[in-house]
Amino acid sequence: MDFDIEIFKGKSFSSLMKDIYSNSSKKDRQINMLIGELRPLIKNVGDATVIVPLIKEYLEVGVKNDEHLVKLAAVVQRLVSTNNRVHAETGNSWMLSEEEKRQLMSELDEISETEKNINSKVVELTSKQTDIEAELNNIQDGLI
């Protein structure tokens, strides 16, 4: 199967998959780093009640991030099976019906929209984390 077929100008299917995987891996590292930064801020039960919900949200973002890879794998699997079926029937490769094209484009649009939502959620959580860190520092300064 040829993964280097150009799906739109300057972008092959394999490079698109690589971009999605790289972005997913990068977000996973960022989320783990942000959670690691929050852990030391938990000094007592009060801190935990503020910070643990943030950690939960980061983990949820990570799960959604992994769902992208699952959806991408489903798209690839469909392409492979369709390519094999069409090639066996006609001798031509990469011929999808209009309905299959619409379904694949719909799935790619959904992945793209979810990616945008994840990006905005990470920005929002990072802002919340900064606010909480500042608040905890103020509280700790007041106790000293």
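Every read-out reported here was derived from the displayed coordinates using simple, explicitly stated rules and does not represent laboratory data. A quick note: this is a predicted structure, and the numbers were derived from the prediction, not measured. Note: ideal-geometry Cβ built from the backbone for every residue, glycine included; neighbour counts use all protein chains shown.
Using 7 Å Cα-to-Cβ label points, what is the residue 49/residue 33 separation (nm, one decimal)?
3.2
Taking the Cα-to-Cβ direction at residue 4 and at residue 124 and moving 7 Å from each Cα, how far apart do the two end points lie in nm?
Distance between the two pseudo-spin positions: 4.3 nm.
Once you have the alpha carbon radius of gyration of region 10-143, what is it after dividing by 2.2 N^0.38 Å, with N set to its residue count?
Normalised Rg, Cα atoms only: 1.50.
If the cut-off is a Cα-Cα distance under 23 Å, which lysines reach residue 11, setting aside same-chain residues fewer than 8 apart in sequence?
Within reach: 26, 27, 71, 101, 116.
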